[in-house]
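First comes the structure, then the notes that go with it.
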Amino acid sequence: MSCGVEDERTFDYDDYEGAQARWCPGCGDHAILNGVLRLFESKQLAPERTVIVSGIGCSSRFPHYVSTYGFHGIHGRALPLSTGVKLARPDLDVFAVMGDGDCCSIGAAHWIHAIRYNVNMVAMLLDNNIYGLTKNQTSPTTSQGHPSNTQPKGTYLPALNPLTATLGVSNASFVAQTADWAPAHLAATLDAAYRHPGFSFVRILQRCPVWMPQLFLDAAQDPAKTEILVHDGGIRDPDLEAVYKTHVQHDPRDLDSARHLAEDATRVRLGLFYCNPENPRYDETRRLPMHTAEERIEIIESEFDRHAV
Ligand code: SF4
């Protein structure tokens, strides 16, 4: 997504810090915020040319905690807002932050079309499998049988799988999964997502110790419980692969294999599932010069003539 920096200024981590984060102690959002700020610093993004857009939910507090431009939007609308920003100002770097209720429920239609439009941005789904802000309500990604305040006898339906859902949409171009408790992997994934020219969808498994204390506990405490997708064309980090020793060879150009690997939600798999930088982008297509300046004037004048009384 890189737009680059055109001046001589340098930026430190502190330059990107906004208000003090008010998430609960131990919330995975703190680590994700740290990962995003580190990405901004490593890429030396100019704060005034960087935009974070969010919807509603715990994670959607994100723009307040980053000292760039931000837009704390309305529920489920982070993606159309981000798309609008990017189309109006293609020179800006745009990051969308969504929760699972936000993206996969009320925002689901926008999610599908944002994938298909493939506008150049990084879209992060911070998935804690619950509505946290509204206090323990079943979300689309809550696992079946899990009791919540809205379904106290257990969530009725099987959980929606955001990876297979994204991989099922035509023109999906970048789909990755990482976790808040694996900072090196989170950093490498955000870096790859930022470099990808198109709509980079990153699902970040996020712990919520208040409402979902058992969620991801095994995987977070024992690296052997996590599988890392490895491939020269994927997300590589030798130090990380030394810690996470269960590797799965996967070529991220192979969509069928990506779907197959994403289907098994009983395993925690981190890595780049799919990447195709050649997919058409709406923001690029829209910029193609369809007519010369003279032709445009001629068309406008003929329209005036047609409607003149
Ligand atoms: Fe994080 Fe959960 Fe607290 Fe929300 S309720 S801030 S998701 S720990």
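The values are calculated or read from the model by the stated rules, or taken from the named source; none is laboratory data. As the structure is a computational prediction, the values presented were derived from the model and not from experiment. All Cβ positions, even for glycine, are placed from backbone atoms using ideal geometry, and neighbour counts span all protein chains on display. The protein model used for the area step is the full one, side chains on, heavy atoms only, and it has no ligands, DNA or RNA in it. Shrake-Rupley method; radii C 1.70, N 1.55, O 1.52, S 1.80 Å.
For the residues A242, A176, A193, A182, the requirement of being more than 16 Å from the ligand (Cβ to nearest atom), among the small types (G, A, S), at pLDDT below 95 and open to solvent by less than 10 Å² (accessible area, probe 1.4 Å) singles out A182. Give the residues of the stretch 196-228 that are more than 16 Å from the ligand (Cβ to nearest atom), over 14 Å from the mean Cα position of the chain (by Cα) and either closer than 22 Å to G26 by Cβ or of a type in the set (S, T, N, Q) (or both), sorted by residue number. Across the stretch 196-228, the qualifying residues are D218, A219, Q221, D222, P223, K225, T226.
If you go through the stretch 263-301 and pick out every residue that is of a type in the set (G, A, S) and either open to solvent by 70 Å² or more (accessible area, probe 1.4 Å) or closer than 30 Å to P223 by Cβ (or both), you end up with 2. For first residues located in the stretch 186-207 and closer than 20 Å to T164 by Cα, partners that are within 16 Å of the ligand (Cβ to nearest atom) and among the aliphatic types (A, V, I, L, M) and lie 6+ apart or on another chain with Cβ distances below 6 Å form the pairs V202/M124; R203/L125; I204/I32; I204/M124; I204/L126; L205/A179; Q206/L126.
Selection of the stretch 15-30 for residues being away from the ligand (no atom under 11 Å from the Cβ) and open to solvent by less than 50 Å² (accessible area, probe 1.4 Å) yields Y16, G18. What do you reckon, is Q151 under 22 Å from C103 (Cβ atoms), in a strand (DSSP E or B) and at pLDDT 95 or above? Here the answer is no, as Q151 does not meet what is asked. Of all residues assigned to the stretch 122-129, at least one qualifies as being in a loop (DSSP other than H, G, I, E, B), within 13 Å of the ligand (Cβ to nearest atom) and at pLDDT 95 or above. Of the residues making up the stretch 173-192, those that are closer than 17 Å to L79 by Cα and touching a Gly at 6+ places or on another chain (Cβ under 9 Å) are S173, F174.
One line per residue, one yes/no per condition, for (1) without any contact (Cβ under 8 Å) to a residue 60 or more places away in the chain; (2) within 12 Å of F201 (Cβ to Cβ); (3) buried (at least 22 other Cβ atoms within 10 Å of the Cβ); (4) within 16 Å of the ligand (Cβ to nearest atom):
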residue	(1), (2), (3), (4)
V85	yes, no, no, no
P90	no, no, no, no
D102	yes, no, yes, yes
N136	no, no, no, yes
S139	yes, no, yes, yes
L163	no, yes, yes, no
V169	yes, yes, no, no
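For the stretch 142-156, residues that are open to solvent by 20 Å² or more (accessible area, probe 1.4 Å), of a type outside the set (S, T, N, Q) and in contact with a Ser or Thr (Cβ under 9 Å, 6 or more places away or on another chain) total 4. Among the residues of the stretch 85-99, is there at least one that is β-branched (V, I, T), in contact with a Phe, Trp or Tyr (Cβ under 8 Å, 6 or more places away or on another chain) and not in a loop (DSSP other than H, G, I, E, B)? Yes, there is a match, as at least one residue in the stretch 85-99 is β-branched (V, I, T), in contact with a Phe, Trp or Tyr (Cβ under 8 Å, 6 or more places away or on another chain) and not in a loop (DSSP other than H, G, I, E, B).
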